[in-house]
Structures are given as structure tokens and as C-alpha cells.
Amino acid sequence: MKVSARNVFEGTITGLVDGQVNAEVELTTAGGDRIVAVVTEGSVKSLGLAVGKAATAFVKAPWVMLLAGDVPVRFSARNQLAGVVSSVAKGAVNTDVSIRLPGGSLVHAVVTNEAVMELGLKDGVPAVALIKASHVVLGVPA
């Protein structure tokens, strides 16, 4: 399957908290990187989501926000993925920034060129990717 989302995380469901309307699902990659998604209870049932089941998390790169340095602010985003910038590909207006997580996963973010300069993002710089759990789409093998 080919998808337009730049961020594709394959793993196993390691946590599932059911709610009245939505559920919180934690997916852990083979390298140990964790992604949290919030999906409807209808999706839990229709996809057969359960702890131990293989799943894939998809996140579009423009939905990823970036932080650099020591930020004295707390965020509500469930996914706060710390890593190191591994590539920066500048375009006319936006830049594609890739962050390598400790478990080996890559997180791609598309941000403005101005933001890259302001944050000082370049290869080797520590950075954090913020992804709202509601921006994570889950899929399972057919």
C-alpha cells in the first residue's frame, strides 16, 4: 500500500484505553518508539484493535510541530517525540525536517523556512516533534 503521509510507524498496539466515545491507543515500534492515537470506539471495533495486534500509525508531515532547545513550556500534545535532526531539505517556502528518534524511527515535519532559521534546525541538533493524538490515523493489515 502506498500512502501520501510522510510519517508511517509500523508496530504493535501496547496500550488501549476505552472511553465512551473515543479510545486512546498506544503503538510501539520495533525500536521502542511510541505513538499515541485517539480514535473513535467505532474504529476500535471495526479495525479489531487490541493489545498485541499489529498496526500502523500515519501522520501527515504538515501536522507535526517542532521544538528546539530547552523550552520551559508544557504542551497538551500526547506525542512529544525527542530526537536529533537528521536532514533538512529546504524548498522555496517550506522545509522538510527529519528527526531520528532513539528507537530509529524518522519523523518528518514540513515547516516554514523562517521557522527553521528561528529554531536553528540543522543536522545534529536536538529537537522535539509534537503530534496531537487526534492527528494520528491507524491502520491494520487486511
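Each other residue within a Cβ distance under 9 Å of G15 adds +1 if Lys or Arg and -1 if Asp or Glu, for a net charge of -1. For the range 1-104, chymotrypsin sites (Phe, Trp or Tyr not before Pro) are listed when DSSP marks them as loop and at most 14 other Cβ atoms sit within 10 Å of their Cβ; the list is F75. Computing Rg/Rh (Cα atoms, Kirkwood Rh) for the structure here picks out one of [x] 0.92; [y] 0.99; [z] 1.26, namely [y].
Each reported figure results from applying straightforward, stated rules to the coordinates on display, with no laboratory input. A quick note: this is a predicted structure, and the numbers were derived from the prediction, not measured. Here Cβ is always computed from backbone atoms with ideal geometry, including for glycine, and neighbour counts include all displayed protein chains.
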